[in-house]
Amino acid sequence: MILRTTIALAFFVIGLVLIALNFLSLPATAAFRPYLLYAGIGLLLIGLVLVVVRSRRGEMPVPHDVQPTGGVAVLEPSAPVAPARAEVALLVGGNGASEPSVRWYHVAAATITGVAAPKAKLKVLVRGEQVAAERWQWQTGGGAIDLMQTGARIPIVIGGVAESAEPLASGWIVPFKNWYLTPKASSGLGPFLAPFIAGVRHVFDVTVSWSEKGVAQSASASFELRFWREPTSEPRFIRIGDRPSYHDQIGGLSELHDKGTALRKEAMMLPLASLGVWLGRVASWTTETRALIAEVSTADSDYFWALKNFDAPLFEGVRLHDERHRQALRELNERLIRLQHFIRPLSTSAR
């Protein structure tokens, strides 16, 4: 651009000089006088053309794909920020029954952002069970709610864990060792799920769905109801994928503590012929208890396995047949003491 401007100015200057020489009538230019005027006019026209072309090119738009060079910074518009969306978390909601003979397990749902999930609906499936599908309701009794951070509860399953001659405050009758679904929340007892069967686990797939600006959204989680050996033991209701706590394991740990106490008592007056069988039962008890503790803490499980230092209680009349008998009783006694630390504080808080 600068070079083109310089050339145009040069043509103007030379053209004017030639025209001026034509009118001065100098002796040196007399022979060229007819040509000076035409040459000057020609140079002026060429300079004028260069100026016009330069001005038109300056008005042309710069293509969008042309990137500036030479370190010149160009401010580009930032990308638009996507609007926040609702995110829903599903967690264990605990026992919703006030009667000690019943457990009514709930799932808690809440958004984890400040955006509500409008008209959120529920879907609950029970794996492996032939249960009639019903439209599930929130605890409030509605089929759809605007779910927010304050959360809402979802009644899932109710069952009897002890004998009771009185109906519940709601008027329901939940027999001992029987479990029912509660899709209608507090308005009525739902279909029969199953009787208590030792060691059985029931899995519930819970889905919360809603729509945001015409786009379907959902959040899902699975929950497990686990029975122990005895129908009176505290069941376990946890979200699948979460590590259980000692509170979740209290039913199984209490059963194992009672079983270990019986084994210790049996060892006090153990006939020699029964020693081998007893040692095998103690080994099975230790392995099972260690595995249950390991679900909560592998470090506690390893420590439980290494407990071998306490002396066996020497009550009057105890018969120790050999070193195997003595050593197994020592280990069993110490592990029972350790097991009480997992149970006692939790039993108090559970009440």
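The values are calculated or read from the model by the stated rules, or taken from the named source; none is laboratory data. Being a predicted model, the structure only gives us computed values, none of them experimental. Glycine gets a Cβ as well: all are built from the backbone with ideal geometry, and neighbour counts include every protein chain shown. Just the protein is used for accessible areas: all its heavy atoms, side chains included, with ligands, DNA and RNA removed. Shrake-Rupley method; radii C 1.70, N 1.55, O 1.52, S 1.80 Å.
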(message) Counting only protein heavy atoms and a 1.4 Å probe, tell me what percentage of segment 193-242's accessible area is made up of carbon and sulfur.
(response) 50 percent
(request) Multiply the residue separation of Thr140 and Ala299 by 0.36 nm, subtract the distance between their alpha-carbon atoms, and state the gained length in nm to one decimal. (result) 53.0 nm
(request) State the volume of the convex hull built on the alpha-carbon positions of segment 99-161, expressed per residue in Å³ and rounded to an integer. (result) 113 Å³
(message) Need one number: nm distance between label points at Leu48 and Ala169, each 7 Å from Cα along Cα→Cβ, rounded to one decimal.
(response) 10.3 nm
(message) Can you tell me the convex hull volume per residue for segment 235-308, based on C-alpha atoms, in Å³ to the nearest whole number?
(response) 93 Å³
(request) For segment 128-271, just run the numbers: alpha carbon Rg, then divide by 2.2 N^0.38 Å, N being how many residues it has. (result) 1.33
(message) Multiplying the sequence separation of Asn178 and Lys308 by 0.36 nm and subtracting their Cα-Cα distance, what value in nm do you get?
(response) 42.6 nm
(message) Can you give me the long-range amide H partners of Gly93? Hydrogens built in the peptide plane at 1.01 Å from N, cutoff under 5 Å, separation of 5 or more residues or another chain.
(response) His106, Val107, Ala108
(request) Using label points projected 7 Å from each Cα along Cα→Cβ, tell me how many nm separate Ser220 and Ala262, to one decimal. (result) 4.2 nm
(request) For segment 156-279, build the charge dipole from Cβ charges (+1 Lys, Arg; -1 Asp, Glu) around the Cα centre, then report which of Ser186, Val277, Gly160 sits farthest towards its positive end. (result) Val277
